[in-house]
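Inspection log for the structure reproduced underneath, given as C-alpha cells.
The values are calculated or read from the model by the stated rules, or taken from the named source; none is laboratory data. Since the model is a prediction, treat every value here as computed from it, not as a measurement. Every residue, glycine as well, gets a Cβ built from its backbone with ideal geometry; the counts of neighbours run over all protein chains shown. Heads up: the accessible areas ignore ligands, DNA and RNA and are worked out on the full protein's heavy atoms, side chains in. Shrake-Rupley method; radii C 1.70, N 1.55, O 1.52, S 1.80 Å.
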Amino acid sequence: MKRALIILALLGAGAAALVFWLGLRSDPGDISMVSPLQTPAGLSVEERGHYLVRVGDCMACHTRQGGADYAGGRMIPTPFGDFYSPNLTPDPETGLGNWSADDFWKAMHEGRSRDGSLLYPAFPYTNYTKLSRDDSDAMFAYLRTLPAVKEARREHQLQFPYNYRFLLVGWRALFFRPGVYQPDSAQDEQWNRGAYLVQGLGHCSACHEARNALGAVQSRDNPAGGLVLNWYAPALAAPAEAGVQHWPKEDIVRLLRDGIAPGASTLGPMAEVVYESLQHASAQDLDAMATYLKSLEPTQPPARGAVQVPTHAVDDMSKRGSLIYAEHCASCHGDAGEGAPPAAPALRGNRAVTMAAAVNPIRVVLFGGYAPGTAGNPRPFGMPPFGSTLSNQDVADVLTYTRSAWGNQGSPVSAAEVARNRQGPLW
Amino acid sequence: MLRKSRFAALLGLLMLGSVATAAVPDTMAQRMLACAACHGAEGRATGDGFYPRIAGKPAGYLYHQLINFREGRRLNAQMTYLLERQSDDYLREMAEYFAGLSLPYPPPQPNQAEPARLQRGLQLVRQGDTARGIPACNDCHGEKMTGVTPDIPGLLGLPYDYLVAQFGAWRQGTRHGAAPDCMAAIVAKLTPEDIDAAASWLAAQPMPADPHPATSLPKPLPVSCGSVTGPGASR
C-alpha cells in the first residue's frame, strides 16, 4: 500500500517535472540552418529584414489604426479575451530598445520574452519558431532602424484563468516544440522555400488550422480550418474549402498578391493578410508558396455539426430566398448566380458560398465589403451590406437558396446562426 | 439599361455559345453601389437620420473624411471596415465621384423647434458669440452655408440627428480633423443648448437655388484649420 503511494507520488512528480521541463526548457535552436529565402545580392541586412517583417505580417498585429508603425496597441480579439500587441520600436522604456538580437531570437524561436516570461501564442511564435537565425537577426536589424516611439504596453484583458501567464507552462508542454524548419531533401529548392514561407514566416496555419478549447492548433502539418476573428478560415488542404491543388499556379499567385482570382476573392482577415503582407511578396516567393500549396495532400473538409434547420422548412426558405435573390442580388450576381466578373463574383459553384461553415457568406451579406485595393486590383467593386435591409430570416432564406440553387450543394442556414453573426468586431 | 445590356450579353452568348455572365457596367457608379445601402441612391442620403448625404459635397472634404475613417481619426465601425484596405488614390477617386454628383435635395425635415431656439441658431450661424470666442459658422462654411471648395462642407440638407451626433463625436473624441482641429475647438465652446439651437436651425433650412459650394472663402478663416488648404486658409 505504502509502496503504491510512493510510486504514485513519484510518477506525479515525474509528470510535473516533465511538464515543467517541456514548458520551460530553453532551446538554443539549430543556428546552422541558413534561410531558404536568399535575396538578391546588394540588399543590406536591414532591407532584407524589412522585407521579412512585411511577409511575416508583423504590421497587422503590431500597429493600431492611426498609430505609429510597429508601436503596438492593437487589440486582437480571441475566445480567451482581448490581447494587446506590444511595441516593437526601439524605445528603451516601452519597446525593444534594450533588447539584443539574442533576446529577439528567444522571442521568435522559443516564445519567451526578454525577462524569460512565457509569451501567449496569440503571438504566432508557434510558426515563427521555424525561422532561421539569420532571418530573425535581419528582422531585428530592421526593427532597430525604426523611429523609437514611446507607447506603453496595454494589459491584455483575458478571462480567468487565462490571465495567469504561468499556466502557459502546461500549454507549452502539451502543444509547443521549438524547432527551426528542416528542408525536405526529397523536394526541390522552390518547394522548400514555399514550405518555409507557408509554415513559418507567413504563419498561414495560425488562422487556417482548427484550434482546440485551449487555443492550440489541432493538427500539425495538416491545416484543417478554424474560426478566427469572427470569420471561418477554411482548410488549406481541402479542395472543397481553400485547397488550391487544382488551380493553375498563376491563379494562386493572383489570389495571394492581388486579393482576387477567377472564381475567388479574399475577405475579412484574409484581405488584411493580402493588403498588409502578401501583395508585397516577391514574384519568386509567391511562386514558391503556390508550388508548396499545390503539393499539399488533398484532404476532406473537416466534419461539421448537423444543421439546425428542420428539413420541411427548407423548401419554404428556398422559395422565399429565390424572391429575395431576384430583388436584391441578381442585378450583380446574375439571374443564375453566374456572376459578372470583375464587378461581382459568381455564386454558382463558388466554394466560399457552399462551404459547410456558413459564417463567411453570412458576414458578407450582413456587412458587405470590398476586396483589398492592391496594385493588381486597385479599384475593387463592392458588396453592399444588407444588415439593415434584410432580417435574420431573410438572410437565412437567401443564403439557403444561394447555397442550393444552380447545382450548388451547400447546407441550409438558420436564422439563429445569422443572429449570432451580427455581433462582434468587424475585421 | 441594365436589362438591355443583359439582353445584349444573352445575345452574345447565343452567338458564341460561351459561358454566360451578367453584364454589369465597369463604372465608378457600379463600384459605389455598396455605399448606396446606407447613403441612399447615388449618395443623396436616406430618410434615416444618421446617414449623411455625401453627393455634391466638396471633394477635399470628402477625401479627408474617408482618410479619417481609414486611419481611425473618425470612428464608425462600418465605414472603417469598408475603407480599411483601400489606397489614397482610390479614396480620392471616390471623393471626386461623389463631389461631382449634382442631385436635387429633399425638402427640409418638418421642424418643431420654438422660435427662440431657431433665433439663437441663426445668431450663431451669422454672428457667432464674440463674448465666448465662437466665430460665426458663416465665416468658414460660406455665406449661404453650402460650404467652400475644396475642403469645407456645407451644413444644409443634413438631418438634425446627424448634426447633433457630429458635435457629440467631437466632444467625446471619436471624431478628429487634421490638426489644428478648428471644429473641435469650436465645439468645445458650445453649450448643449447652442448645439441644439444650431442643429435645429440648420436642419430647418431649405437649400438655396444654387446648392453648390462657394469656390472661395469670403475672408481669411477666423481661426486656422488643419484640413483647409489654399488661399485664405490661415489668417
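Using a 10 angstrom cutoff on alpha carbons, build the Gaussian network for chain B and name the most mobile of B:L118, B:L66, B:L33. Its mean-square fluctuation being the largest, the pick is B:L33. Probing with 1.4 Å while keeping every protein chain in the model, the per residue accessible area of chain A equals 45 Å². D by Stokes-Einstein for the range A:311-420, Kirkwood Rh over Cα pairs, 4 °C, 1.567 mPa s: 92 µm²/s. Divide the volume of the convex hull around the Cα atoms of chain B by the residue count and you get 142 Å³ per residue.
The amide H of A:T94, built 1.01 Å from its N in the peptide plane, has A:E151 as neighbours under 5 Å, considering only residues 5 or more places off or on other chains. Couplings 3J(HN,Hα) of the range A:68-73, computed from phi: 5, 3, 6, 8, x, x Hz, in residue order, whole Hz [Karplus 6.51 cos²θ - 1.76 cosθ + 1.60, θ = phi - 60°; x for Gly and Pro].
Work out which residues of the range A:345-389 lose at minimum 40 square angstrom of accessible surface when the other protein chains are put back, relative to the chain isolated, with a 1.4 angstrom probe, and list them by number. Those are A:F367, A:Y370, A:R379, A:F381, A:P385, which lose 40 Å² or more relative to the chain on its own.
Buried area at the A:B interface is about 2800 square angstrom, summed over both chains, from accessible surfaces computed with a 1.4 angstrom probe. Backbone amide hydrogens, once placed in the peptide plane, bring B:I134 within less than 5 Å of B:D129, excluding anything fewer than 5 places away on its chain.
Dipole size of the range A:33-175 about its Cα centre, with +1 on Lys/Arg Cβ and -1 on Asp/Glu Cβ: approximately 300 debye, rounded to the nearest 20. Share of carbon and sulfur in the accessible area of the range A:311-420 stands at 56%, probe radius 1.4 Å. GNM remark for chain A: springs join alpha carbons under 10 Å apart, and the peak mean-square fluctuation among A:Y164, A:Y370, A:Y401 falls on A:Y164.
Neighbours of A:P28, meaning other residues whose beta-carbon lies under 12 angstrom from its beta-carbon, give a summed charge of -1 when Lys and Arg score +1 and Asp and Glu score -1. In a reduced charge model with +1 at each Lys and Arg Cβ and -1 at each Asp and Glu Cβ, chain A shows a dipole moment near 1100 debye about its Cα centre. Amide H contacts under 5 Å for A:Y232: A:N360, restricted to partners 5 or more places along the chain or on a different chain, H placed in the peptide plane at 1.01 Å from N.
Past 23 Å, Cα to Cα, is the threshold; run A:K130/A:K249; B:K57/B:K189; A:K130/A:K294; A:K106/A:K130; A:K130/A:K150 against it and keep the listed order. With Cα atoms farther than 23 Å apart: A:K130/A:K249; B:K57/B:K189; A:K130/A:K150. Over the protein assembly as shown, what is the percentage of antiparallel beta bridges among all DSSP beta bridges, to the nearest 5? Beta bridges within the protein assembly as shown, antiparallel portion: roughly 90 percent. Largest first, the extents of the alpha carbon coordinates of chain A on the three principal axes equal 72, 66, 48 Å. What's the center-to-center distance, using Cα atoms, between the range A:269-304 and the range A:69-121 in Å? If we compute the Cα centre of each part, the gap is 26 Å.
Could you check which residue among A:A326, A:A352, A:A206 shows the biggest mean-square fluctuation in a GNM of chain A with a 10 Å Cα cutoff? Evaluated over chain A, the most mobile residue of the options is A:A326.
Each Lys and Arg Cβ is given +1 and each Asp and Glu Cβ -1; about its Cα centre, the range B:31-204 then shows a dipole of about 80 debye. Relative contact order, whole percent, for chain A stands at 13, derived from Cα pairs under 8 Å and 6 or more residues apart.
Remark: relative contact order (chain B) = 20 percent; criterion is Cα-Cα distance under 8 angstrom and separation of 6 or more residues. A dipole drawn for chain B from +1 and -1 charges on Cβ atoms has a positive end, and of B:F50, B:G226, B:A178 the residue lying farthest that way is B:F50.
When B:M207, A:M355 are compared by accessible area at a 1.4 angstrom probe, the order from most to least is B:M207, A:M355. Shielding by partners for peptide A:327-334, expressed as the average number of C-beta atoms from other protein chains within 10 Å of each residue's C-beta, is 3. Restriction of the trypsin sites (Lys or Arg not before Pro) in the range A:237-314 to DSSP coil positions whose beta-carbon has at most 10 other beta-carbons within 10 angstrom yields no sites.
Projecting the Cα atoms of A:S117, A:H50, A:Y164 onto the charge dipole of the range A:33-175, computed from C-beta unit charges around the Cα centre, puts A:Y164 farthest toward the positive end.
Can you find, among A:A336, A:G97, B:M207, the residue sitting farthest towards the positive end of the charge dipole of the protein assembly as shown, where Lys and Arg contribute +1 and Asp and Glu -1 at Cβ? Comparing the listed Cα positions along the dipole, B:M207 ranks first. Per residue, the average separation of C-alpha pairs within less than 8 Å and at least 6 apart gives the range A:311-420 a relative contact order of 30 percent.
Membrane-span-like helices in chain A (whole DSSP H runs, Cα extent of at least 24 Å along the helix axis, mean Kyte-Doolittle hydropathy of at least 0.5): A:2-24.
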